[in-house]
Every structure is written in structure tokens, then in C-alpha cells.
1. Just checking the output field for A:78-85: average partner chain Cβ neighbours within 10 Å of each residue's Cβ?
2. Taking only Cα atoms, what is the 0 to 90° angle, nearest 10, from helix A:137-148's long axis to the longest principal axis of chain A?
3. Tell me the angle of helix A:290-312 to the major Cα principal axis of chain A, expressed in degrees between 0 and 90 and rounded to the nearest ten.
4. From the Cα gyration tensor of segment A:77-209, with a ≥ b ≥ c the square roots of its eigenvalues, which class applies: rounded if a/c is under 1.5, or else prolate if a/b is larger than b/c, or else oblate?
5. Peptide A:307-315: average number of partner chain Cβ atoms within 10 Å per residue?
6. Helix A:209-238 versus the longest principal axis of chain A: what angle, 0 to 90°, nearest 10, using Cα atoms?
7. Hey, can you rank B:66-75, A:216-225 by average C-beta count inside 10 Å, highest first?
8. Give the average, rounded to an integer, of partner chain Cβ atoms located within 10 angstrom of each Cβ in B:6-13.
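Read-outs throughout are calculated quantities, based only on the coordinates presented, and are distinct from any laboratory measurement. Since the structure is predicted, the reported quantities are computational estimates derived from the model, not experimental observations. Glycine gets a Cβ as well: all are built from the backbone with ideal geometry, and neighbour counts include every protein chain shown.
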């Protein structure tokens, strides 16, 4: 028996009843990208501001983490592609009207600068490794050269870190067809969130008290700014067009309410802010590890909400009689 | 929005086609389309959309859906040419497009 199923462009679960083309792979990548931006930014900034004594890990050891985190993120990004064998096509052109094209090239530019950052601080950051390879004259020469230019490298890293942290937000905000994303606030939100997760990770890992204190202070400031941007985002949605009103309804009493207010705002922003404030004042030290972890979780939850809610908003609404779940019965 | 140039205008016309050899399956175009008109071509994985039967149009034929329509309710043609049927129809009949507020100036007109 020969059975042919004709599926039209509309009767397909990727767009009916809501668009669902981007899933966990993208949320994870967005989180990792933001975290890497924060890592690169603070490792370069602390070096430039000569915080070697106050923040030794950030100056000397942090940059390596950026390489690891972004590589993990790009793995999930690659997994999301449906036509994986052609991934190299991102790099045979540059399309000025495509934020994704900018992103593809920013991701490439990241690697040489991050590697140079690591090399320029290898001897002071990972002395054991450096001592093992210093025996080789070529490597020693490269390390010498990188150390001599460590400030130039750090100056290069700052704009790349900012570009990495902000472009994903700009990318999503460029989709005028998805009203929840289509706001100029999304780029800055993702950047500040990325920097906050970077500061939180540094505060978590750093061993010196002065460094943890410095990054706790930085994170307090960043969380405060992030709360402001989130508030502006809610106001913008609540006073916007019909699809934006539909989106904000999901955040204020709808399906995303618990995730947004309970997990992202309360656990991911407010509670860490309070804990970090008390830590700076010297009390409740035993909760010191909790605040950065919550910030990291909050950063990820923000990306999950952004990716999923954005796909649920649209300018066009069709009533489709076709039940896309019937397609599952074919397997 | 396409990062590789896979999505492109065919022959300087307003017909947009997807080149499967340049498509990475990133799905940015699916997100960008306010009409949800694009789909993932399984099992290949590249993205595609209505081609307006470009393979017929380049031979001077109408798209298949226009040719086959039993009530002749669909018309296809060159809007730049003031003497074409479609230009005449737009001049003489009331028409609308879907979701003009999205700003992408679609060339699919509905005669009302």
C-alpha cells in the first residue's frame, strides 16, 4: 500500500499553533554567549585598570573560562542547525542586513583575541602550565610577545566582549514579525545580563576576599540596572500594540507568570541582590555561594523565557483546523 | 535576515527563492516571516518556501496554482507593466494585503 502524505507549508508543527523552531539549544547558547561576554569583558577591564592585586583571578585566569564556555555554547548552536553540513556557508559571505551574519563573524573574531588574552596572562595565571611549555623557545617567544602587548590585547577584547554580549539581543529584536522581541531594550538587556552572569561566576570562583568583594559590588550594580531594563521592557509591552499586550498578559497572570516572576525576578535578580548586599555589609556570609549561583540560573531562565515567549507572539493569527499532532501518528 | 545569502531575489524580480546549497538551516528566516510562509524541508534540513513556480514563470507560464484554479480566481503577472492583467486589476478593483503593518510591502494582493 502506497501512502503519500501532503503537508502544506501551513500545516506544520513548527509554525502551528505557535512558531517553535528554536528550543533549548538556542537558550543554552544565548546564556553561554552572554556569560562569555561578561568573562571577556571583566578579564580585560581588570587588567586595563591594573587590578592585579585586588582581582588576581580576573586578570590572570578568567579568560580561559571564556574559551571553554563559548565553545560549549557554539556546540549547542551547531546542534540547532537543520542543514549542518553547510555550516561553513556562514563564512563565505557577509550580509550587512543580517544580524546573524554579524554574529557569525563576531564569534570567529572572539577566538584569536581570547587566545591572546590567555597567552598574555598564562605565566601569571596558570604558572604550572606555563612552566611546562616555557622550555620550548617558540612558545616562550610567543608568551613574551603576548605579555608585552597584553594591554593592547585587552583593549581589543573590550569591544568584542560588548559586541558578543549585545548582538544576540539585537538579533532577536530585529525580527519585526515577533512583537515580543521587537524592542530596542533587548540588546542592552542581554548585555547587562551577560555581564552580570560573568561577574557572578568570577565572584563564585575567585579565592581572594578582595576579588569576591569587588565582583559582588559590580554584580549589585549590574542587577540594579537589569531590574531597571526589565521594568522598562514591561512598561513598553504593556503600552504597546495588541501582540505586545498579548505577550505581557502571559507575563502578568498567564503561562509565563511563575517562571518570570518566581524564578527570574525573585530568585534570579531580587534574592541575589539582597544576599549580595548583606555580604558586602559583612553579615550572612554563609550564603555567599548562593547569590552567584542564583544569578547564573536567572540568566539562563531569562534566555529560556525570551526564546519561548518570543516565538509565541505574532502579527498574524490563523485558525488552523489541521491537528498537527496527527502527523506524530505516522511514525 | 539570511546570514548566508541563501534567501535571495530571483532574476531581479520580487520572487524570493532559497538556494539549498547556501542554507545552513538556522531558521532565522522562519522567525522573520510574519506570515509563517517558510518551512523546513525534511529530511534534507534546508529551508524552502513557495517558489511561485519560478521554473514555469521563466518559460512564460503561470504558477501551477494559478493555472489549475477552476474558478480562475488567481492572477499572476508583472506589476511594473501597466498593460498587464494584474496592473489593470489593481487599478480597477479594491484590494488589500495581509498585515501591511509589518512593513514588508508584500506583493500578494487580495481583491475584495
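1. Whole-number average of other-chain Cβ neighbours for A:78-85 is 6.
2. 80
3. 30
4. prolate
5. The per-residue average across the peptide is 2.
6. Here the helix axis deviates by roughly 20 degrees.
7. So the peptides B:66-75, A:216-225, ranked by packing, come out A:216-225, B:66-75.
8. Partner-chain Cβ atoms within 10 Å, mean over residues of B:6-13: 1.
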